[in-house]
Structures are given as structure tokens and as C-alpha cells.
Amino acid sequence: MRYKHKMPFGAEVLDDGTVRFRLWSPKAQDASVDVSSNSLPMSRLEDCWFELVTREARPGTLYQFTIDRQHRVTDPASRYQPLGVHGPSQVVDPAAFTWEHDNWRGRPWEEAVIYELHVGTFSPEGTFAGAERKLNHLIALGITAIELMPLSSFAGRWNWGYDGVLPYAPANCYGRPEELKHFVDTAHSAGLMVFLDVVYNHFGPEGNYLHLYSPQFFSSRHRTPWGDAVNFDGPGSRVVRDYFIHNALYWLEEYQIDGLRLDAVHAIYDDSYPEFLVELAETVRRSLPRERLIHLVLENNRNAAHYLKSDPQNHAGGYAAQWNDDIHHALHVLITGESDGYYADYYGNPIWHLGRCLSQGYSYQGEPSQYRGGKSRGEPSQNLPPGCFVSFLQNHDQIGNRAFGDRIGNQSDPRKVKAALAVLLLSPSPPLLFMGEEFGASNPFLFFCDFGPELSSKVREGRRSEFERFTQFNSAEARARIPDPASEETFSRSKVDWSSLGSASHFSWLCFYRGLLECRRREILPLIKDILPGASKFETLGARAVSVVWALKDGRKLSMIANFDNASLNGSKPLYGTLLYTTVEGSSDLLYTGFVPPWSVAWFLASQNTVFPLRLGAS
């Protein structure tokens, strides 16, 4: 099988062997395509489009556009940049790749156990082929979905991916387009979904030439942390919206990606109707075969619940889920005691926030946020199913945005981390792991980039100034110890240390994760689709413990009790049901009397006749 997404822009190999070049340039008076030493004039069409159909180009041909005989630029819809973002684009024929596993249709969302990875640091090679060689490790772990951090071409030799400037072109340092397709095809053959993180809220600061010939891509009506916003609602926005909607379809169709995670959509400003996010989701559902299980996920720090659909299998529109920062923050505070920055919103009563997240999705559903200056945050989410909220204890942001990129294992006692994981990996919400955490990787994941000298200096100083308000970085000497994002050493230190798996302690962590994920597959997964939205309850047990009950359609109840205290809980009521999992070592019979040791978690499945909630008192 061969897959090709037809686009209204860029370089397209046509059925007769010719190549059609199309460019939208409202600012240009004329445009040409430079192929080898030839400059081929493009015809000016209506609505600021330029086009050329020629036999002087073929798959593999390098080309650039020249605007008004003075600006030579890359194709903004380039499928590949063999020499980087400042070099020529390359004509790619997507139909040249033959897919071996064309019967793949995806997996239901409730089966998602997500593994986030950065291609450049996941394997020693830092390539698609290197990542492919690690797939058996992920399968044995119990992963069902790989989430790739952004792949769009960026300036320099390394980058997180969020500074991409050519969203259709996989970064050449990871491999060619066909190598990415081979990775996806191989993952599908093993039953793994592949998701991709995409960035539609801004372009990176180096290598983006759109302002020279298509300034309508940007709008001064809205401002973002990166400057003028992408124009989703002003004059010329129709083409801009199409550019990004086609990008989503391109990855889902041409690369057979199973789902997209849309980065920081709170920085997408759009006053139009229907807004861009709604139009994108509706177009995806309408354009792709209904039998394909496509999953769209948001990152949105506004906790906007209205984008989420109540039925994950309903393909009529909407988004399957959103990353749930609330549950991360609550768990992080419980096991580290940290209170700086946004953790201040959870520090006063972290166990309550955890219980609300587990039973209702968001913790902030319209309440005022101290960290945001008293502004309300969030929308009601209690009637949404738990599948709408992706949960995690670590991800690229929560590690890499720390000054030293330190992982949770370097911040908290293993017993506390295991208690948090026993809650998170068995809860009905889809869990997300960050590469290396499954074997307790101790190397950092730092913030890194590779811009030119002037921009690198600005990034370095900007990075260090971000931490001025933290007590430990209130001196220039302390801030100078923060790793330089532009240093090659910073990038190298962020590579996953696979050799550490040879040590007993790291292998023990791997066994712990495998055991939890196997329990999830065996005991929790069959129950998820039967959980009644809006019927879950939680109860805090003192300042450091919580019980949660999820009601099922057939009257049974899934329940969990977690004690994040140094003191035991001594129950005033016994616990009921079949014990599914516990961190309690030795005899677990005491759990049925309501005795819960410090830093321990237990999961139960009870029959229709069990009385809830479970009330316990601290000893």
C-alpha cells in the first residue's frame, strides 16, 4: 500500500511524472523556482498564489523559491530538508514508499499506555532507525503507544523540536522521511500506536522566512511568548488555517500516524467561528476513514473541558483527551514537598487535589489560582470519563524545564515514588511515561538547542533569568551553574543511558513498572469502558491519604486507597472486595481491617453490595 496526502501548496509529484510547485505569497510581485542552475518563472494566480508545473524536476531534485528576484527561501511546505532549514528543499514522492502493514487500523483509546520520547536522545544513534531498534523494549514494558516529541525541521544540530520552522519536513538529523515511515510501519506490526507532538502556536526563531513574503501568516492583534501570534482569525487566515489543517492530515495520512498531541493550544489565539481547533478536529474526522482509530490530544493549561468529547469512540468530532497537569502537580507536591512556582496552588492541600483529579479529571474547574494572580482557571470536568485526562509523573516539560533537568528519582525517596506510580499507572486515565523513567534513569533531560551565536547567547541568558525568582538561584553565581542550552555537552548528557540497565537497582525499577503495567492490562483495562462518568467519588482521610471509588455500569465498584503519610491508617471500617494490587509487602490481610501502612496503595474491585465510601481514621 502507498499513501500520499494531496496538498494545495509545496512540491507535488503528479501522475504524469511532472512536478507542480505552488507557493502563497501575498507580498511578492513575482516568484520563481530555482532548480539546479535554472530559475524557472512561476505563474501568478488569483488570491496571491504562484504555480509552476515542470518536467525539469523529479523526486530527489533540490529546489528553492526566489521572491521578487532578491529573496531565496525554502519551501514552507517542504517534505524534506537534506541540508537543514537554511538549505534547499527536496522533491519527495511519498508514493515511492511501500507500506507492509496496511491492515493496521489503530487501537481503542482506553488501551493507551503512552511513552514519550525524543528521537535525538532516546537511542545512542539519535535516529529513527535507532529508536526502531528499541521497540522490543517498549513492547516488553507494556507500552501500547509511542509519542514522538516534535519532528519539524529546526535550526542547528539538536533541539527539543518546539523551535521547528518547517512543520512538514522531518528533521534531517533523525533520518529521511522513508526511515520515519519504516519506524511507524514496524511499530504497527508490533501492535504499537505512534502519536506525534505538533506545534501550531508559533514558529521557531531561526530559519523561518515567511515574514519576507507572507507576513499575513502572523497577526499583531494577539501576542504570544514568542511574539506576534500565528494568524488564525484575521485577513488571509484561511490559507494559514489550511496550512496547519493539511499538516495534521499529512501526518495522519501520509505517515499513518495514529494521533496528534497539539502543543500549548492556550497560545493559539482565535476569535473566529468555528475556531481553528474545532475546525481541525472536524476536518480530521470527516477526511479519514471511519474505521481508523485516530486520537487527538491537547495540551491546554486553561483546563478547557469543552474541547473533550464524552465518548472516546465517537468519531463525530472533538478531542479524545488533554494532558492533566493538575494530577502531576498534586503528586509531585505530595512526594517532594516542593512549593515554588505553580506548585504553590497545590501545596496547601495536595491530597484533596489528587482525589479530585482521580475522580473528576481536573482539580481546577473554575477556581481562582494563586499562581495566576487570583484568576479563575478551568471548566467543569466531573462528568467526563477518566479517559479524557492523560496522567503522568514525568514528561519532557516537568523534567526539562527544571534548572538541572533532574528526574523525580533524584528528588524523592523511591518508596514515595512507587506509591505515586501505583496510583497513577493503575488509575483509569491513560498514563504517560517519559523515556528512561521505567528503569529509574538518573541522567538529566536538559533544555537544549543549537542556534547561531547571537541567538544562543540570548537563549542562555533568558534561560538563566527564568530562575531568578527561585531562592536557590537569587545570585548570579548560582544562575551561572545552570547548564548552557547551546552546549553540546548539555545535549549529550540528556541522552538515555541504556547501559545503566545492567545494574540491579535500575533493573529492579524496570520490573516494578512492568508489574504495574501488566496489572493494568489484566485487571484495570477490562473495566475502563464501563466506568460511569460523573459517578466517581473521593474522600480525603486526614491530610495525607485518600480513597477513590469509580462506579461501573453493572453495579461493581473499583476503589483505591492511598496513604502518602509517614504514619499508618487504622480503619474504623473494613475494606471490601477483591484485592487487585497493593504495594504492601508480606501479608495483605490487614488491609481488609482498614490498616494501611505508610506510603502504601491498594486497589480493590467490589461487588454490587459493597457499601461506600470507605471511612478510615489516622492512627
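The values are calculated or read from the model by the stated rules, or taken from the named source; none is laboratory data. What you see is a predicted model, and the numbers here were worked out from it, not measured in a lab. Neighbour counts run over all protein chains shown; Cβ positions are idealised from the backbone, glycine included.
Under the condition of being part of a loop (DSSP other than H, G, I, E, B) and touching an Asp or Glu at 6+ places or on another chain (Cβ under 8 Å), which residue from segment 429-438 is farthest from P386 (Cα to Cα)? Don't jump to the end; show me each part of the working.
Restricting attention to segment 429-438, the residues satisfying the condition of being part of a loop (DSSP other than H, G, I, E, B) are 429-430, 435-436.
With the extra rule that they be touching an Asp or Glu at 6+ places or on another chain (Cβ under 8 Å), the set shrinks to 430, 435-436.
Numbers: P430: 8, M435: 24, G436: 26 Å.
In this case the residue turns out to be G436.
Results for (1) at pLDDT 95 or above; (2) touching a Cys at 6+ places or on another chain (Cβ under 7 Å); (3) acidic (D, E); (4) over 26 Å from S123 (Cβ atoms), shown as yes or no for each residue.
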position	(1), (2), (3), (4)
D484	yes, no, yes, no
E489	yes, no, yes, no
K495	yes, no, no, no
W509	yes, no, no, no
L527	yes, no, no, yes
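Looking at V53 and the list (1) of a type outside the set (G, A, S); (2) farther than 23 Å from S237 by Cα; (3) in contact (Cβ under 8 Å) with a residue 40 or more places away in the chain, which single condition is not satisfied?
Condition (3) is where V53 drops out.
Just to check your reading of the model, which residue among Y576, Y513 is closer than 26 Å to L590 by Cα, among the aromatic types (F, W, Y) and free of Cβ contacts under 8 Å to residues at least 60 places away in the same chain?
Working: Y513 fails: free of Cβ contacts under 8 Å to residues at least 60 places away in the same chain.
Just one listed residue meets the conditions, Y576.
Among the listed residues V53, V35, which satisfies the condition of being hydrophobic (A, V, I, L, M, F, W, C), buried (at least 18 other Cβ atoms within 10 Å of the Cβ) and not assigned by TED's automatic domain parsing to the domain that holds E254?
On the way: V53 fails: buried (at least 18 other Cβ atoms within 10 Å of the Cβ).
Of the residues listed, the single one that is hydrophobic (A, V, I, L, M, F, W, C), buried (at least 18 other Cβ atoms within 10 Å of the Cβ) and not assigned by TED's automatic domain parsing to the domain that holds E254 is V35.
Output the residue which, of all residues in segment 516-548 that are under 28 Å from the mean Cα position of the chain (by Cα) and β-branched (V, I, T), is surrounded by the fewest Cβ atoms within 10 Å (Cβ to Cβ).
Restricting to residues being under 28 Å from the mean Cα position of the chain (by Cα) and β-branched (V, I, T), the top hit is I531.
With the requirement that a residue be in contact with a Pro (Cβ under 7 Å, 6 or more places away or on another chain) and either in a helix (DSSP H, G or I) or of a type in the set (G, A, S) (or both), what does segment 439-489 give you?
Of everything in segment 439-489, those that are in contact with a Pro (Cβ under 7 Å, 6 or more places away or on another chain) and either in a helix (DSSP H, G or I) or of a type in the set (G, A, S) (or both) turn out to be L455, V459, R460, R463.
In this structure, is S391 assigned to a loop (DSSP other than H, G, I, E, B) and not charged (D, E, K, R)?
Numbers: assigned to a loop (DSSP other than H, G, I, E, B): no; not charged (D, E, K, R): yes.
When the stated conditions are applied, S391 does not pass them.
Which of the residues that make up segment 153-179 are buried (at least 23 other Cβ atoms within 10 Å of the Cβ), in contact with a Phe, Trp or Tyr (Cβ under 8 Å, 6 or more places away or on another chain) and among the polar types (S, T, N, Q)?
Result: N159, single match.
Of the residues that make up segment 364-375, is at least one surrounded by 21 or more Cβ atoms within 10 Å (Cβ to Cβ), in the same structural domain as T144 (by TED's automatic domain parsing) and touching a Ser or Thr at 6+ places or on another chain (Cβ under 6 Å)?
No: zero hits.
Going through segment 286-307 one residue at a time, which ones are touching a strand residue (DSSP E or B) at 6+ places or on another chain (Cβ under 9 Å) and either modelled with pLDDT under 95 or on the phi > 0 side of the Ramachandran plot (or both)?
Keep residues of segment 286-307 that are touching a strand residue (DSSP E or B) at 6+ places or on another chain (Cβ under 9 Å), which gives 293-305, 307.
The one that is touching a strand residue (DSSP E or B) at 6+ places or on another chain (Cβ under 9 Å) and either modelled with pLDDT under 95 or on the phi > 0 side of the Ramachandran plot (or both): N303.
Residues in segment 73-123 that are without any contact (Cβ under 8 Å) to a residue 60 or more places away in the chain and among the small types (G, A, S): how many? Steps first, please.
Our first condition is that a residue be without any contact (Cβ under 8 Å) to a residue 60 or more places away in the chain; within segment 73-123, this holds for 87-88, 90, 103, 119.
Remaining after also requiring among the small types (G, A, S): 87.
Result for segment 73-123: 1.
Could you check, for segment 176-188, whether at least one of its residues is within 18 Å of W104 (Cβ to Cβ), in the same structural domain as G318 (by TED's automatic domain parsing) and of a type in the set (K, R)? Spell out how you get there, then give the answer.
Of the residues in segment 176-188, the ones within 18 Å of W104 (Cβ to Cβ) are 178, 180-188.
Within this subset, residues satisfying the condition of being in the same structural domain as G318 (by TED's automatic domain parsing) are 178, 180-188.
Next, from what is left, pick out any that are of a type in the set (K, R): 181.
Yes, segment 176-188 contains a residue that is within 18 Å of W104 (Cβ to Cβ), in the same structural domain as G318 (by TED's automatic domain parsing) and of a type in the set (K, R).
Right, F203: within 18 Å of the chain's Cα centre (by Cα) and not hydroxyl-bearing (S, T, Y) or not? Before you say what the answer is, go through the steps one by one.
Numbers: within 18 Å of the chain's Cα centre (by Cα): yes; not hydroxyl-bearing (S, T, Y): yes.
Yes, satisfied.
Tell me, please, whether a residue that is of a type in the set (S, T, Y) and not assigned by TED's automatic domain parsing to the domain that holds Q70 can be found in segment 1-15. If you could, list the steps in order and put the result at the bottom.
Within segment 1-15, the first condition is being of a type in the set (S, T, Y), and the residues that meet it are 3.
Now drop any that are not not assigned by TED's automatic domain parsing to the domain that holds Q70, which leaves 3.
Yes.
Among the numbered criteria (1) in contact with a Ser or Thr (Cβ under 8 Å, 6 or more places away or on another chain); (2) touching a residue at least 60 places away in the same chain (Cβ under 8 Å); (3) not small (G, A, S), which single criterion is violated by K4?
(1)
Just checking, does segment 317-326 include any residue being crowded, with 21+ Cβ neighbours inside 10 Å and closer than 19 Å to W104 by Cα?
For segment 317-326, residues crowded, with 21+ Cβ neighbours inside 10 Å and closer than 19 Å to W104 by Cα: absent.
Pull up segment 400-439, narrow it to residues that are over 29 Å from D530 (Cα atoms) and among the basic types (K, R), then point me to the one that is surrounded by the most Cβ atoms within 10 Å (Cβ to Cβ).
Among those residues, the one meeting the criterion is R407.
Within segment 204-251, restricting attention to residues that are of a type in the set (S, T, Y) and within 18 Å of V265 (Cβ to Cβ), which residue is surrounded by the most Cβ atoms within 10 Å (Cβ to Cβ)? Working first, answer last.
Of the residues in segment 204-251, the ones of a type in the set (S, T, Y) are 209, 213-214, 219-220, 224, 237, 243, 250.
Narrowing further to those that are within 18 Å of V265 (Cβ to Cβ): 219, 224, 237, 243.
Numbers: S219: 21, T224: 16, S237: 18, Y243: 23.
Across segment 204-251, the extreme among qualifying residues is Y243.
Which of the residues spanning segment 145-168 are acidic (D, E) and either under 18 Å from L446 (Cβ atoms) or outside the structural domain of Y250 (by TED's automatic domain parsing) (or both)? Spell out the reasoning first.
Residues of segment 145-168 that are acidic (D, E), as a first pass: 147, 163.
Result: D163, single match.
Conditions first: (1) over 15 Å from G400 (Cβ atoms); (2) in contact with a Lys or Arg (Cβ under 7 Å, 6 or more places away or on another chain). G452 passes all but one, so which condition is the exception?
Status for G452: all satisfied but (2).
Among the residues of segment 197-204, is any in contact with a strand residue (DSSP E or B) (Cβ under 6 Å, 6 or more places away or on another chain), in the same structural domain as L151 (by TED's automatic domain parsing) and not in a loop (DSSP other than H, G, I, E, B)?
For segment 197-204, residues in contact with a strand residue (DSSP E or B) (Cβ under 6 Å, 6 or more places away or on another chain), in the same structural domain as L151 (by TED's automatic domain parsing) and not in a loop (DSSP other than H, G, I, E, B): present.
Residues checked against (1) among the small types (G, A, S); (2) surrounded by fewer than 17 Cβ atoms within 10 Å (Cβ to Cβ); (3) assigned by TED's automatic domain parsing to the domain that holds W509:
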site: H101; (1), (2), (3): no, yes, no
site: W104; (1), (2), (3): no, no, no
site: E116; (1), (2), (3): no, no, yes
site: V119; (1), (2), (3): no, no, yes
site: G126; (1), (2), (3): yes, no, yes
site: G130; (1), (2), (3): yes, no, yes
site: N136; (1), (2), (3): no, yes, yes
